[in-house]
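The values are calculated or read from the model by the stated rules, or taken from the named source; none is laboratory data. This is a predicted model, so every value here is computed, not measured. Using ideal geometry, Cβ is built from the backbone for each residue, glycine included, and neighbour counts are taken over all protein chains shown.
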Amino acid sequence: MEPAVAVNPWVAVAYLASGVLFILALRGLSSPATSRTGNRFGMIGMLIAVVTTLVTHFPMTQLALGPDQACFDNCSASPNWSLVGEIFVAIIIGGTIGFVTARKIQMTAMPQLVAAFHSLVGMAAVLVAIAAFLNPGAFGILGGDGNILTVSRIEMSLGAAIGAITFSGSVIAFAKLNGNMSGAPIILPARHVINLGTLAAILVLTGLFAASQHAGPGENNLFWVACALSFAIGFLLIIPIGGADMPVVVSMLNSYSGWAAAAMGFTLHNTAMIITGALVGSSGAILSYIMCRAMNRSFVSVIAGGFGAASSAGGEAKEQRPYKRGSAEDAAFLLKEAENVIIIPGYGMAVAQAQHVLREMADQLKAHGVNVKYAIHPVAGRMPGHMNVLLAEANVPYDEVFELEDINHEFAQCDVAFIIGANDVVNPAAKTDKSSPIYGMPVFDVEKAKTIMFIKRSMSGVGYSGVDNDVFYLDQTMMLLSDAKKMVEEINKALAD
Amino acid sequence: MDFISILSIFVLACFVGYYVVWSVTPALHTPLMSVTNAISSVIVVGALIASAAAGSSSSKWFGLVAVALASVNIFGGFAVTARMLAMYKKKERPAPKTPESGGAK
């Protein structure tokens, strides 16, 4: 039987072109200036892939062939317009949901949206693998002996397994990020044994399925058992991981969705899918690595989970230490007199929706001749680069926004370090206190600044990791205790007077 | 295509991915995630093949559902990426000189 793909050399070229366009889409993201063109390349690549597939696999009504044989060039058949209609209905329904969601979603909810999208890719991969299992003839992976080709069995089992893990893992990540589920880790007894056992079982089942003599279309229940176990393991892997580690989890699931697409690309012998899968897989892996490095956690310790469960007990019974409290007027006066101001925003700023008033404050300061910069820690938001998007939404120019390693040396020349909604990322304990849970995490050297302004709701709450922060009690620190948005609004009023 | 040529494409693409992704500026890591999310929906190719194939009708329905799911991602992923990228603006150079720049949007 002819393989179902690459009947015409131009088809292979078209898929290759869409793969290359996807590479260019990512390449465009090297700077904001080229990024929009890159995104358009991505859309064109996707269009080419979809049109090529529709043209080469145009739905036909079978007239003279058996049920398991696909029809290509030389069999009598007529276009099956009702099936074409059904496909377009599916595209329109999905497309509308996607488009409307993308328009409406708040930028603070981006991590949840991305997790939800990952779950869809995972589910789609599982469904395609199931379809290939039930109807291998259509994918050109049916061997002469009536069994599915051995290598294809391995590829599609792996695709289904990774897809299922991506799906159930992303659903949990979504629920944790969206607040449908507590961010606290859920620790099962002997979870490492259960998880490793389940993973081993999936691999063994895949091996048995590959070696089986009974692997015709839809035959052999080992495939279904492996799928079910994969859904379970995705769930089990993510529930013990705490909310603070979700940026790593979302990046990791991004990677998995890519590997799932690549595995299905192997099954279908499709260049576009393989290239894309490899790109997305590497992208997610690199982002996970960057996030882990920014938190000084090893990838294994994040995946093993449990972080954030016990650490809050540490910082409780501490005596009240003296600190200086300032008013909005004091802050406004010092800010106006300053030459260089560095703003360090954290997720608390986004929660308080203070980014717009913060930008107004920066505008006023710039009008007074103050040099204003923003300093972003890699884990400032809830996913990689999240804080940059939130600032961009508030019309902060991207060339005023700097990454940790690019700006950290500037605190020594800085008059005011303005900390809003951040805490752990400015905690010097990460540099000095070996017993601290955040020890080794790269942090901003704010203590080198002449004045530190720290906006915080009250003195009682501590950061995400539950550690006290010595910066509160420094001589040059002015604590601005209030809701972030209200405080910045008051500073704005005082600046305007 | 034989398995080795497919594997070669895959391995080389992993290297391309590695270098391309490291060149992405950290400020655009969120759009990177949403766009990779959109392009990984190229899995729609498999879904379309399954939908369009004659033969097993259950396989056709699995395919159609997968087409719908992947379409959510394609349209949603590219649209939300475009929306985010449109927000990234450069500093307006003359703005810091004039005190009343509040009127300009």
Just give me the residues in the stretch A:277-290 being at the interface with chain B (Cβ under 9 Å from one of its Cβ atoms) and touching a Ser or Thr at 6+ places or on another chain (Cβ under 6 Å), in sequence order. A:V280, A:G281, A:S283, A:G284, A:A285, A:L287
Conditions (1) surrounded by 22 or more Cβ atoms within 10 Å (Cβ to Cβ); (2) in a strand (DSSP E or B); (3) more than 31 Å from the chain's Cα centre (by Cα) -> A:F418 fails only (3)
Of the numbered conditions (1) under 30 Å from B:R83 (Cα atoms); (2) without any contact (Cβ under 8 Å) to a residue 12 or more places away in the chain; (3) in a loop (DSSP other than H, G, I, E, B), A:V396 fails exactly one; give the number of that condition. (2)
Are any residues in the stretch A:203-220 closer than 20 Å to A:A131 by Cβ and at pLDDT 90 or above, and if so, which ones? A:L205, A:T206, A:F209, A:A210
Checked B:L28, B:L32 against criteria (in contact (Cβ under 8 Å) with a residue 24 or more places away in the chain and either more than 7 Å from every other protein chain (Cβ to nearest Cβ) or farther than 20 Å from A:G159 by Cα (or both)); the one match is B:L28
Any chance you could count how many residues in the stretch A:25-49 are of a type in the set (A, V, I, L, M, F, W, C), surrounded by fewer than 24 Cβ atoms within 10 Å (Cβ to Cβ) and modelled with pLDDT of 95 or more? 5
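Of B:S59, B:S40, which residue is buried (at least 24 other Cβ atoms within 10 Å of the Cβ), facing another protein chain (nearest Cβ under 7 Å), within 28 Å of A:A132 (Cα to Cα) and modelled with pLDDT under 90?
Values: B:S40 fails: modelled with pLDDT under 90.
The conditions single out B:S59.
Considering each residue of the stretch A:80-123, count those that are more than 25 Å from the chain's Cα centre (by Cα) and of a type in the set (F, W, Y), and give that number.
The number of residues fulfilling the criteria is 2.
For the condition at pLDDT below 85 and surrounded by 15 or more Cβ atoms within 10 Å (Cβ to Cβ), what is the one hit in A:G346, A:G315?
Exactly one residue qualifies, and that residue is A:G315.
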When the stretch A:371-393 is checked residue by residue, the ones that are surrounded by fewer than 21 Cβ atoms within 10 Å (Cβ to Cβ) and either of a type in the set (G, A, S) or more than 10 Å from chain B (Cβ to nearest Cβ) (or both) are A:K373
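Table: residues versus (1) at pLDDT 90 or above; (2) more than 24 Å from A:V302 (Cβ to Cβ).
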residue	(1), (2)
A:P437	no, no
A:G440	no, no
A:F444	yes, no
A:T451	yes, yes
A:R457	no, yes
A:V462	no, no
A:D470	no, yes
A:Y473	no, yes
A:M479	yes, yes
Which ones in the stretch A:388-444 are touching a His at 6+ places or on another chain (Cβ under 8 Å) and hydrophobic (A, V, I, L, M, F, W, C)? A:A394, A:L404, A:A422, A:V425, A:V443, A:F444
